[in-house]
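Please read the structure below before turning to the comments.
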Amino acid sequence: MLDVAILISGQGSNLQALIEACEEPDFPARIVVVISNNPDSYGLQHARKAGLPTAVINHRDFEDRETFENAIDEELKNHKAKFICLAGFMRILEARFVNRWKDRILNIHPSLLPAFKGLHTQERALEAGVRFTGCTVHIVRPEMDDGPIILQAAVAVDPEDTAENLSEKVLRLEHIIYPEALKLMAMGRVSISGNKAIIEKATYHKGGLISPEIL
Ligand code: GRF
């Protein structure tokens, strides 16, 4: 059983998807703590409703990133977390922290990485006129929205799509691939080779167009 901490900042719909997955009897991971840097994060309510331990570590209470990240580390240690899922966590984590947790942090990003790193991804996808957009679960590396890709799901862009409804479509896919990616990690079915993740005996295909590597 993999003991996971979830870091959030906002509405926490990915957190909720992970909570539901972890409640399944055979799921190989469990959530030991939910940490938010934002005391008003709605995700904290999801966590409380599920009876999970929560912690607010507000970056504004700290002098710099290092002391903020040390406080997160302390909390992770207190709950004996062995793995981290960033789920809409809106703070950049410094190399020192990321390297301490090397290959043990996942992130979800609402684009088909390496396209459209950063914010406002669906607006930028529409502006670029891409025919597909989607989401990516990847291992976190010190560079923002970078690192070995575990799973991706794509959705076609319709001519009438707006950034808002595209975000909703993508979010629905996020809720499918994030638990699935965590499951693969927890089962030890992912090995990292350079900047690539290799998935053992992958058969997963659901809810969108998933990376050919795993079909
Ligand atoms: C998601 O779109 C995720 O990809 C991005 O931030 C958003 C978080 O949404 N990193 P939620 O808080 O999980 O609902």
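For the range 39-55, the tally of residues that are touching a Gly at 6+ places or on another chain (Cβ under 7 Å) and more than 9 Å from the ligand (Cβ to nearest atom) stands at 1. Among the residues of the range 1-25, those identified as within 13 Å of LEU44 (Cα to Cα) and β-branched (Val, Ile, Thr) are ILE6, ILE8, ILE19. Pairing each residue of the range 160-181 that is closer than 16 Å to ILE150 by Cβ with any residue that is modelled with pLDDT of 95 or more and assigned to a loop (DSSP other than H, G, I, E, B), provided the two are 6+ apart or on different chains, yields C-beta distances under 7 Å for GLU174/PRO110.
Can you find, within the range 5-27, the residue that is nearest to the ligand (Cβ to nearest atom) among those that are aliphatic (A, V, I, L, M) and farther than 15 Å from ALA181 by Cβ? Ranking the candidates gives ILE8 first. Scanning the range 104-163 for residues that are touching a Phe, Trp or Tyr at 6+ places or on another chain (Cβ under 7 Å) and surrounded by fewer than 16 Cβ atoms within 10 Å (Cβ to Cβ) yields one hit, ALA156.
Look at (1) within 22 Å of ALA81 (Cα to Cα); (2) hydrophobic (A, V, I, L, M, F, W, C); (3) part of a helix (DSSP H, G or I) and you find that LEU106 fails only one, number (3).
Summed over the range 139-159, the residues that are of a type outside the set (A, V, I, L, M) and in contact (Cβ under 8 Å) with a residue 40 or more places away in the chain give a count of 5. If you go through the range 1-46 and keep only what is touching a Pro at 6+ places or on another chain (Cβ under 8 Å) and closer than 24 Å to ARG65 by Cβ, you end up with VAL32, VAL33, VAL34. Considering only residues in the range 57-72 that are in contact (Cβ under 8 Å) with a residue 12 or more places away in the chain and surrounded by fewer than 15 Cβ atoms within 10 Å (Cβ to Cβ), the one that is nearest to the ligand (Cβ to nearest atom) turns out to be ASN58. Restricting ASP3, ASP73, ASP61 to residues that are at pLDDT 95 or above and touching a Lys or Arg at 6+ places or on another chain (Cβ under 6 Å) narrows the list to ASP3. Apart from one condition, ALA81 fits all of (1) assigned to a loop (DSSP other than H, G, I, E, B); (2) hydrophobic (A, V, I, L, M, F, W, C); (3) within 15 Å of the ligand (Cβ to nearest atom); the exception is (3). Scanning the range 34-67 for residues that are in a helix (DSSP H, G or I) and under 20 Å from the mean Cα position of the chain (by Cα) gives GLY43, LEU44, GLN45, HIS46, ALA47, ARG48, HIS59. Only residues that are small (Gly, Ala, Ser) and in contact with a His (Cβ under 9 Å, 6 or more places away or on another chain): list them for the range 3-20, please. Selection gives ALA5, GLY12, SER13, ALA17.
Output yes when any residue across the range 117-129 is more than 16 Å from the ligand (Cβ to nearest atom), at pLDDT 90 or above and closer than 25 Å to GLU94 by Cβ, and no when none is. No, because not a single residue in the range 117-129 is more than 16 Å from the ligand (Cβ to nearest atom), at pLDDT 90 or above and closer than 25 Å to GLU94 by Cβ.
The values are calculated or read from the model by the stated rules, or taken from the named source; none is laboratory data. Small disclaimer: the values here were computed from a predicted structure and weren't measured. Every residue, glycine among them, receives a Cβ derived from its backbone with ideal geometry; neighbour counts consider all protein chains shown.
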